[in-house]
1. Residue check: is B:GLY84 surrounded by 20 or more Cβ atoms within 10 Å (Cβ to Cβ), away from chain A (no Cβ under 14 Å) and assigned to a helix (DSSP H, G or I)?
2. How many residues does segment A:610-645 contain that are in contact (Cβ under 8 Å) with a residue 24 or more places away in the chain and assigned to a strand (DSSP E or B)?
3. Can you say whether A:LYS303 is free of Cβ contacts under 8 Å to residues at least 40 places away in the same chain, open to solvent by 70 Å² or more (accessible area, probe 1.4 Å) and either basic (Lys, Arg) or not in a helix (DSSP H, G or I) (or both), as far as the supplied structure shows?
4. Going by the conditions given, is A:PHE556 among the aromatic types (Phe, Trp, Tyr), surrounded by 24 or more Cβ atoms within 10 Å (Cβ to Cβ), more than 14 Å from chain B (Cβ to nearest Cβ) and within 19 Å of A:ALA627 (Cβ to Cβ)?
5. Quick check on A:SER643: is it crowded, with 19+ Cβ neighbours inside 10 Å, farther than 17 Å from A:LYS537 by Cα, in contact with a Pro (Cβ under 9 Å, 6 or more places away or on another chain) and of a type in the set (Gly, Ala, Ser)?
6. Of all residues in segment A:574-597, count the ones that are in a strand (DSSP E or B) and surrounded by fewer than 24 Cβ atoms within 10 Å (Cβ to Cβ).
7. Within segment A:99-118, track down each residue that is touching a Ser or Thr at 6+ places or on another chain (Cβ under 7 Å), open to solvent by 10 Å² or more (accessible area, probe 1.4 Å) and in contact (Cβ under 8 Å) with a residue 40 or more places away in the chain.
8. Being closer than 19 Å to A:ALA201 by Cα and hydroxyl-bearing (Ser, Thr, Tyr) is the filter here, so list the residues in segment A:244-278 that pass it.
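The values are calculated or read from the model by the stated rules, or taken from the named source; none is laboratory data. In this text, all values refer to a predicted model and were calculated from it rather than measured experimentally. Heads up, the Cβs are rebuilt from the backbone with ideal geometry, glycines too, and the neighbour counts pull from every protein chain shown. Only protein heavy atoms, including side chains, enter the accessible area calculation; ligands, DNA and RNA are left aside. Shrake-Rupley method; radii C 1.70, N 1.55, O 1.52, S 1.80 Å.
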Amino acid sequence: MNKYYFKRIAFLFVVAFVFTACQSGSNKQSKGAFGDSDVASKVYVPPGQYDEFYAFFSGGFSGQVSVYGLPSGRLLKVIPVFSVDPEKAYGFNEETKPMLNTSFGFIPWDDSHHPELSQTDGVPDGRWLFINGNNTPRIARIDLKTFETVEILEIPNSSGNHSSPFITENSEYLVAGTRFSVPIPQKDVALKSYKENFKGALSYIKVGKDGEMSIAFQILVPGYDYDLAHSGKGKSHGWTFFTSYNTEESNTLLEIGASQKDKDYIAAVNWKKAEEYLAAGRFKTFPANYAHNTYSDATHSAKSEMLKEVKVLIPEECPGLIYYLPTPKSPHGVDVDPSGEYICGNGKLSSDITVHSFTKMLQAIKDDNFDDEVDGIPIINYEAVHAGSVKSSGLGPLHTEFDGRGNAYTSFFISSEVVKWKLGTWEVLDRVPVYYSIGHLMIPGGDSKKPFGKYLVALNKITKDRYLPTGPELCQAAQLFDISGDKMKLLLDFPTIGEPHYAQAIPAEIIKNNSVKYYKLTDNKHPYHISSEDEAKVTREGDNVHIYISSIRSHFAPDNIEGVKVGDKVYFHLTNLEQDWDVPHGLGVMGAKNSEILVMPGQTETLLWKPQRPGVFPFYCTDFCSALHQEMQGYVRVSPKDSKVPIKWSVGDFEE
Amino acid sequence: MILAAVMLLGLFFSPLWKIRLEAPQYPNGVNMYIWINQITGDTPSTLQNINILNHYIGMEFIKPDSIPELTYFPFVIIGMVLLGIGIAFTKKRKLFVFWGVILMILGALGIYDFYLWEFNYGHNLSPTAPIKIPGMVYQPPVFGSKMLLNFKAISLPYYGSLFLVLSMIFNILSYSLNWKNWKK
């Protein structure tokens, strides 16, 4: 008995020792410095100095894009894209409401996933940032001169716009593959009829000279889940690669149902061929209904237009348009190396990264080396296209980016690590743990022809103990690594907004000098703008009261308004007359059911207010603009519905 | 002598004077340029921005249209140019001196006029100004720098004045060169 008791105590000691050893080990590692004392100086950007890179992080379920500086990890701006934002009145003021219009009407939220910078010759050029809305399929364009969302295009016949936008090397096209296959065109069918009725659509969105987007064509494909994509570059320019899963075509319990086949497919689309078929008239026109919303910096207003048809290519009628490359284990990310030769399929249920060769693919197509065909799409023999695999590199590979020096970096969700490996030899060179559960990773320009290299950002889904706890809901986070040497070095952790699903980064030099400082008042084409205080007025048209109001430090004109009645719709058209950098003025009205408005110098925005009861209601400037900001206020007198009080307005009228 | 006269045309290509306001919120300063015929800033809206700042202390708005000198000074300068060219052809030394003296008197008057405007803007303050500090006046210096509340105002001649100086130098040179010719 005694002996047994002693053994148990000894055993407990050993367990406790191993446990504490592990603990201190992991603590040391998680601090990330690896004994390198100058880590702090590598991310330190002195006060008043600028970061080297702009980084654009998607907000995931926040629906927005946040802009960070790298290497400091400082948050610079949150750009509202798919979700309303009361801070900037996006989706609340009359001017931006049309931006969120869809075939379902006004949708105040989406799930933003993949930011993508516009490219020229395969290199990010800093003109625009595109991003997909996953839930109600959309793509948005952000102008990087103003850092504002200027266009949103709805994608018809698509459902769950996940494999998007992934641009081509001269910004010819963005793509949008459907994550959920659905009946096309939509109809009321039994869910069990999946195999018979469900289809997928791969859409190509043309990007015009001024960035304007339009749907060039859609390809009707078998009803799989199209997960991610990347367009080719260099030698593979003219092709796009989409991963798919659920080639089992299961309509329920996909975690089992879609995980049965050993291999799913990467779809290789020859979009130059598609252009030929399009020009030859080999398309069908499908009726559709989708919104195209555009914002003008001249009118400071958005408009929404409903489009009614779309051109569709059917693979069976267009040979050579699309091929399937068998790829193991429900591939998630598909990434093309800077040379355009290697197509990396990250099989999320496996431990291997499968790499296909573009050259071998062209040869296999030439040789008709096909195993099978589905709905007119040839399935290329796996061995004929396979270049190599990175073996037993981790568990759950999701995404790969490149440093431009022949190395690739892959994120592993399940084993929570980043693995560096060599293109061509497929040998693992380095691995670092990430905290925790990485999704995408990002190297500035890391999906382009010429990566800027230097840093790698891990975008993690789970933080648990990394920061001070904030109740059950914790932040998600980014981790910055130095990849300039042989070994990756952790430099910095920083929390992010929403889910940092994916990100893009670009040297600040390319963008910062183009940044608009203020809008020229003389260029303001807003229908309700005024150019000076002398033009301020209040007019009534039936129940609509239009207040042409101006702001300048530190007053509104007019600031005394009478003659408004209960039941009126009162439009405050606020023009900010300032013409200097960083002098916005805001406007908040008591009892307004939308938000404040925040108006940049030279801009006009409109707040709709519906007074509900008689009385006197103040309005005031919400942005601390000047020494007398607190004095920047006014009153609206609201009279009963049947009142005879005439419309009257004034400012600075001190005497009766 | 012709060069001396023609130099004055330079006043139409560059400002005479620059007043710079410096404060922490304005890392690049706020610069106002005084020309022979106009007042400008770094951007088309600089004057508006200066007026917005000035209205807190009750200073009158600076409106170039309300300063008559900006309208008639250009004619005075053109007059001097024509006169100078005319005198050059007379080759009369005394007239050279005469022209030079007029130019110097005009220059001195110009600076005095500039001072008067500054005095007027600095002292003629609205009694209902939001910021009133007893005894404080906001007259910027003609030459040099001075703290005006949170702003450091720096007033210095600008490139245009160089043309004025060059004109005077050429005037003196033509006088002395002619002197030598005359002696021979």
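1. Details: surrounded by 20 or more Cβ atoms within 10 Å (Cβ to Cβ): yes; away from chain A (no Cβ under 14 Å): yes; assigned to a helix (DSSP H, G or I): yes.
Taking the combined requirement at face value, the residue satisfies it.
2. Final tally of qualifying residues: 11.
3. Working: free of Cβ contacts under 8 Å to residues at least 40 places away in the same chain: no; open to solvent by 70 Å² or more (accessible area, probe 1.4 Å): yes; either basic (Lys, Arg) or not in a helix (DSSP H, G or I) (or both): yes.
No: the conditions fail for A:LYS303.
4. Details: among the aromatic types (Phe, Trp, Tyr): yes; surrounded by 24 or more Cβ atoms within 10 Å (Cβ to Cβ): yes; more than 14 Å from chain B (Cβ to nearest Cβ): yes; within 19 Å of A:ALA627 (Cβ to Cβ): yes.
Answer is yes for this residue.
5. Numbers: crowded, with 19+ Cβ neighbours inside 10 Å: no; farther than 17 Å from A:LYS537 by Cα: yes; in contact with a Pro (Cβ under 9 Å, 6 or more places away or on another chain): yes; of a type in the set (Gly, Ala, Ser): yes.
So A:SER643 does not fit the description; no.
6. Within segment A:574-597, the first condition is being in a strand (DSSP E or B), and the residues that meet it are A:574-576, A:585-589, A:597.
Remaining after also requiring surrounded by fewer than 24 Cβ atoms within 10 Å (Cβ to Cβ): A:588-589.
Counting residues in segment A:574-597 that are in a strand (DSSP E or B) and surrounded by fewer than 24 Cβ atoms within 10 Å (Cβ to Cβ) gives 2.
7. Applying the first criterion (touching a Ser or Thr at 6+ places or on another chain (Cβ under 7 Å)) to segment A:99-118 yields A:99, A:101-102, A:104, A:107-110, A:112-115, A:118.
Those still in the list that are open to solvent by 10 Å² or more (accessible area, probe 1.4 Å) too: A:101, A:104, A:107-109, A:113.
Passing the criteria: A:ASN101, A:TRP109, A:HIS113.
8. Across segment A:244-278, the qualifying residues are A:SER244, A:TYR245, A:THR247, A:SER250, A:TYR265, A:TYR277.
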